[in-house]
Every structure is written in C-alpha cells, then in structure tokens.
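For reference, the structure is listed below as structure tokens.
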Amino acid sequence: MSDSIDVVLVEDHALTRVGLRAALEAGGIRVLAETGDGISAGEIILRERPAIAVVDIGLPGQDGIQLTRAIKAAAPEIRVVILTMHEVESEVLDALYAGADAYCVKSSAVATVIDAVRIVAAGGAYFDPRIARGVLRQLRMHARTPDDCPLTQRELDVLRLVVDGIGNAEIAKRLHLGLGTVKGHVRDILEKLDASDRTQAAVNAMRRGYI
C-alpha cells in the first residue's frame, strides 16, 4: 500500500511485542523490524529509517527516553511513540523533553496505540488523556514565557485553555470573544507553532517554554 505506515517496534517483553506487532499489522501498519534491546534498537531504527519508532520506556541497555533522545539527535524526522506501564507525570515530562511525539499507557486498548501511530504519522501528537492534562498544568506552573515568544497575549490565553481541553465555543464564552475570533486565534497559533493540530501546538509550546 502506498499510504502504509512503516514502524520499528522496540519492546523488551516478548509476548507483549508479539501482540503489538500482530495488532499493528492487522491495522494496516507495516512493522519493518522489532527488538527488545535499547542498544540494538538505535542501530536498527537508523538503518531501517521508519516513519515511526514505537518504543517501550523500560528497556535494557538504554531506556526509552535515552533512545528517543538519540533518535531525535540523529534523525529528527523519525517520530516516536512511547509506551509505558506507568502513569507517572515525571516520566511524561522526560519523554516530552526528549522529543517524544506520543505517549501511551499500556493498560489502554491496543487500538489506542494504533490511533497514536496514525495521528503521529499524519504530523500530529498524542498523549494519554489520563495523564496529559495534569502534566500540562504542572509545566505551566513553572513556565515563564520567553521574550521571543511569537504568540500574542490573547493567543497565549487561548492556548492555555486549549491545553486544558476546552473547546472553541467555551473558550469564546470564557474570554468574551466571538467564535469566529477564537477560531482565527487557533488557526494563527497552529501556524506560528508549526503544528498540525491542537495537541501538537500544546506540545510545541511547552517544549519552547511558551506555556
């Protein structure tokens, strides 16, 4: 298929890896290679050059966060979906700063991982909603908007509500703006942050210290 998504799967539990591979392939996603070791994973990923690396956070040799950092340094075009057993906010923050494009908790349905792969392949970002909002709030508490932030104050106000999962109609109500004005602000935010969707805009803003 010309529109198929190529991935490399990195998961150290063999049974979990087999199940994930079967689910991904059943979903039309092509698994180019798989491994359970963090050290060999870097070599395999750079050799295969997949669109997506699906990476478990707990790996022997080097963990998923270290591996993500190495992938992004050597081949920033490769997108990374992190898998974890834990809903630990500090791990999510580390994954974000390492360059992860998606973060999935393994207790979620396998379909969630497939959705995350597809969203990331299309240029978006995905973070499990059970932990994303708390992490975003924590980041905002410690963030200081830098002087070179391209967003206006009103755009920052809109973006902070976007991060909280608020829809355009409610944002318009809270900020006493017209719905069309809010949609315009969201469109401008996506353009300024080089983001394809609202989640990616929030992630990009966090990484740059804007919120």
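The values are calculated or read from the model by the stated rules, or taken from the named source; none is laboratory data. Model, not experiment: these values are computed from the prediction. Ideal geometry is used to build each Cβ from the backbone, glycine not excepted, and the neighbour counts take in all protein chains shown.
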* Mind checking which residues of the range 158-179 are within 22 Å of Asp128 (Cα to Cα) and of a type outside the set (A, V, I, L, M, F, W, C)? -> Arg160, Asp164, Gly165, Gly167, Asn168
* Structure fact -> Scanning the range 53-106 for residues that are among the small types (Gly, Ala, Ser) and buried (at least 24 other Cβ atoms within 10 Å of the Cβ) gives Ala53, Gly64, Ala95, Ala100, Ala102
* Matching residues in the range 191-211 - criterion: being assigned to a helix (DSSP H, G or I) and surrounded by 16 or more Cβ atoms within 10 Å (Cβ to Cβ) -> Lys192, Arg198, Thr199, Gln200, Ala201, Ala202, Val203, Asn204, Ala205, Met206
* To do: Mind listing just one residue for me: the one in the range 32-43 that is of a type outside the set (Ser, Thr, Tyr) and surrounded by 18 or more Cβ atoms within 10 Å (Cβ to Cβ) and, of those, farthest from Val110 (Cα to Cα)?
  => Gly42
* Residues of the range 1-23 classified as closer than 20 Å to Glu77 by Cβ and of a type outside the set (Ser, Thr, Tyr), total -> 7
* If we scan the range 91-103, do we find a residue that is free of Cβ contacts under 8 Å to residues at least 12 places away in the same chain and within 19 Å of Thr199 (Cα to Cα)? -> no
* **Unmet requirement for Arg140, which otherwise passes all of (1) at pLDDT below 65; (2) on the phi > 0 side of the Ramachandran plot** => (2)
* Confirm whether Asp164 is modelled with pLDDT of 85 or more and not assigned by TED's automatic domain parsing to the domain that holds Ala116. => no
* Asked: Which pairs have Cβ atoms under 8 Å, sit 6 or more apart or on different chains, and link a residue in the range 161-183 that is among the hydroxyl-bearing types (Ser, Thr, Tyr) to one that is buried (at least 16 other Cβ atoms within 10 Å of the Cβ) and modelled with pLDDT of 90 or more?
  -> Thr181/Ala172
* To do: Check whether at least one residue in the range 24-34 is within 13 Å of the chain's Cα centre (by Cα) and within 24 Å of Ala14 (Cβ to Cβ), and report yes or no.
  => no
* To do: Taking only the range 4-42 into account, find how many residues are within 21 Å of Thr112 (Cβ to Cβ) and either outside any strand (DSSP E or B) or aliphatic (A, V, I, L, M) (or both).
  => 25
* Using beta carbons and a limit of 9 Å, which pairs, at least six apart or on different chains, have the first residue in the range 188-205 and more than 23 Å from Asp94 (Cβ to Cβ) and the second one charged (D, E, K, R) and not in a helix (DSSP H, G or I)? -> Leu190/Asp197
